[in-house]
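Report on the following structure.
Laboratory data are not the source of any read-out in this text; all were calculated from the coordinates shown. Since we're looking at a predicted model, the values are computed, not measured. Quick reminder, even Gly has a Cβ in these numbers, built from the backbone with ideal geometry, and neighbours come from all protein chains shown.
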Amino acid sequence: MSTKKIAPSILAADFANLQRDIEMVNHSEADWFHIDIMDGVFVPNISFGMPVLKAINKHATKTIDVHLMIVDPDRYIQTFADLGANVLTVHYEACTHLHRTLQAIKAAGMKAGVALNPHTNINLLEDVINDIDLVCIMSVNPGFGGQSFIEHTFSKIKKLKALITEKGAATEIEIDGGVNDKNAKALVDAGADVLVAGSFVFRSENPTQTIQNLKKIVS
């Protein structure tokens with residue numbers, strides 16, 4: 001059984017048929033729900049907020065992986081814990097006191113994730129890698145779905161994997177943006193543990209089959 005995870009991104013789902021798409025993920029071979037919360041300030045887009053997450057949580061039967069693309073995420077840590085998030089990822093670029101934020105996420109009973117924008121260097125995590133459960137490497141510029149994959153991501157994954165190994169950390173590596181059946185295997189080979197797939201899954205003819213195919217590629 002592969003420990004590599006597939007996390008369909010709900011941002012790409014059909015919001016008019018959200019329950020249908022959530023049930024599809026529930027019954028598929030997907031491992032996690034990936035949920036992007038955007039505030040229109042940290043990224044140039046607004047996605048959805050607490051009421052939608054609450055509605056998703058009512059139907060979701062798998063791990064809820066919440067990715068906060070917002071300024072001042074500390075204000076909402078407890079709120080997202082209460083709404084059922086299992087993993088809460090904050091952006092390195094949005095946290096002035098990252099170590100404190102990570103501790104607060106864990107204290108609220110969630111796994112703590114840190115996301116890095118394409119221009120942010122892996123080395124900046126050196127001092128906190130042992131406190132991070134998940135690092136989300138953005139392989140597109142955050143804010144919009146459907147963008148094409150940034151090739152530099154591969155060397156970033158390898159650098160991060162080396163850092164995790166060197167520090168003896170148990171951190172998982174997640175890739176978010178432009179993931180498809182052409183690059184999934186190479187991403188996992190480079191060291192990725194969790195692949196977020198949005199448009200590639202939800203815009204396909206048969207999303208359940210697409211998830212199954214991805215799972216097969218990475219196992």
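Computed quantities for the displayed model
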read-out	value
Highest-fluctuation residue, Leu124, Leu102, Leu53 considered, GNM on the chain with Cα pairs under 10 Å	Leu124
Charged-residue dipole, Cβ positions (Lys, Arg, Asp, Glu), the chain about Cα centre, Debye nearest 20	320
GNM result for the chain, Cα springs below 10 Å: residue of Ser28, Ser155, Ser47 fluctuating most strongly	Ser155
Qualifying GluC sites (Glu not before Pro) for the range 134-185 [loop in DSSP, other Cβ within 10 Å: at most 13]	Glu151
Amide H within-cut-off set for Ala197, under 5 Å, with H built and near neighbours excluded	Ala7, Ser9
Bridge type composition, the range 5-218 - antiparallel percent by DSSP, nearest 5	5
Surrounding net charge for Asp36, when Lys and Arg each add one and Asp and Glu each subtract one, Cβ distance under 13 Å	-4
Greater than 27 Å apart at Cα, pairs in Lys106/Lys185; Lys106/Lys182; Lys159/Lys185	Lys106/Lys185; Lys106/Lys182
Part-to-part distance (alpha-carbon centres) for the range 56-94 and the range 144-173, which is given in Å	21
Highest-MSF residue in the chain out of Pro44, Pro142, Pro118 [GNM, Cα springs under 10 Å]	Pro44
